[in-house]
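Here's the structure, in structure tokens; my notes come after.
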Amino acid sequence: MLTSELRAWVVEEGDNRSFYVEELDHSIVRVPSYELGGSGLLGPGEHSDEEVEKAIADHLSRYGPIRVQKCLFHSGEYHPRIWRGEFSPQATPESVRALSNCLQQAQLLFEHQNSVFRAIHPDARNAGSFGHEPRSLLILACTTVEASLKAILNANGYRGKDDRTTMNDYVNLAKPMRLREWIVAMPLYPDWPRIQPFASWDETKPTQSLPWYDAYNQTKHDGETKLHLASLANTVDAVAAVFILLLAQFGPDSLSGRSVYSVDDYHVIETPSWSPVELYPPFQGGDGRTTSLTPVPLFADRTT
């Protein structure tokens, strides 16, 4: 059996969630394994899905109602640059390199935004304020959003027509990354509302459905008659979109105060609600041995 074929199950026990994973010798262990005393659920040997699920149910039935589901991902599998829960790989060389590069770009935008805030205080009453400095920041932020979305598509095997990607392509990431669900706030500016920049993203109108991106698209081509679209509100949404793309790629813990890459400009208010089977399962068994990580491109063999 290939490492990438090692199965995994997720179990819901009331408000608790645990995983059972198949190890290289085909034994089935619980992660975390404290309930089993490290001995595992089923020993080495071939076990059918039905046998595993019955063993899990028999073992946990004394604790009350449970729900056992087979994970969509095998142990160690993940979509590159797409975060899905606590077992998302974060320490691979590719991930560290990508996070470092993206964060360096983002930090420049955060610094630029803070300079704009010194001239236009981020209060809801100033949301419509506009000017050349916000326009410059809006353009930089939106081009950074485009670059991030393109990098995610490329990492996941997506190819657009003639290798050129647009918002018609980028919107394909809205659902698998749950971009519409992320909500953040700026803790230093409590009078500014919570920010959910991708909430209205619509596949049928991928540019126009995002007001801040539509504003960028118009004002970058016409900085005279469309300057009013470079408002503080649109600029704040665009910069927050950059931060949310960091979260959606690398996870909140990668940017928290416990990380060397911590970002203090934003607080995460809401993260996406994944169904249990959509989460990446653990890639480390009960004995501590790490399963080989296997990237699974989201758009493998897809060409549009």
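Of note:
- Among 205-214, 121-130, 140-149, the order from most to least packed when residues are scored by Cβ within 10 Å on average: 140-149, 205-214, 121-130
- In a DSSP loop and with at most 16 other Cβ atoms within 10 Å, the GluC sites (Glu not before Pro) in the range 183-291 are GLU203, GLU224.
- Within-15-Å neighbourhood charge of VAL263 [Cβ basis; K, R +1; D, E -1]: -3
- Among TRP201, LEU103, VAL242 - extreme Cα towards positive end, dipole of the range 93-270, charges at beta-carbon: TRP201
- Span from the the range 228-276 Cα centroid across to the the range 158-197 one, whole angstrom: 10 Å
- Charge tally around HIS112: other residues with Cβ under 13 Å, Lys/Arg +1 each, Asp/Glu -1 each, net -1.
- Helix 132-155 vs. the chain, principal-axis angle (Cα, 0 to 90°, nearest 10): 30 degrees
- Cα convex hull of the chain, projected area averaged across orientations, nm²: 18.0 nm²
- A cut-off under 13 angstrom between Cβ atoms defines the neighbours of ARG178, and their net charge, with Lys, Arg +1 and Asp, Glu -1, is 0.
- Shape of the range 174-227, Cα gyration tensor, a/c cut at 1.5: oblate
- Length-normalised contact order for the range 93-270 - Cα pairs under 8 Å, 6+ apart - percent: 32 percent
- Between the helical axis of 93-119 and the longest alpha-carbon principal axis of the chain there is an angle of about 30 degrees.
- Percent antiparallel among DSSP beta bridges (both partners in the chain, rounded to 5): 90 percent
- Three-way shape call for the range 42-107 based on the alpha-carbon gyration tensor, with the a/c threshold at 1.5: prolate
- Between 0 and 90°, nearest 10: helix 232-250 axis offset from the chain longest Cα axis: 20 degrees
- Taking a ≥ b ≥ c as the square roots of the eigenvalues of the Cα gyration tensor, the range 93-270 is classed as oblate, since a/c reaches at least 1.5 and a/b does not exceed b/c.
- Our summary gives the chain a relative contact order of 29 percent, counting only alpha carbon pairs under 8 angstrom and 6 or more residues apart.
Taken together, the values in this text are just the output of simple stated rules run on the coordinates, not laboratory data. What you are looking at is a predicted structure, and each value in this text was computed from that prediction instead of being measured. All Cβ positions, glycine included, derive from the backbone under ideal geometry; neighbour counts span all protein chains shown.
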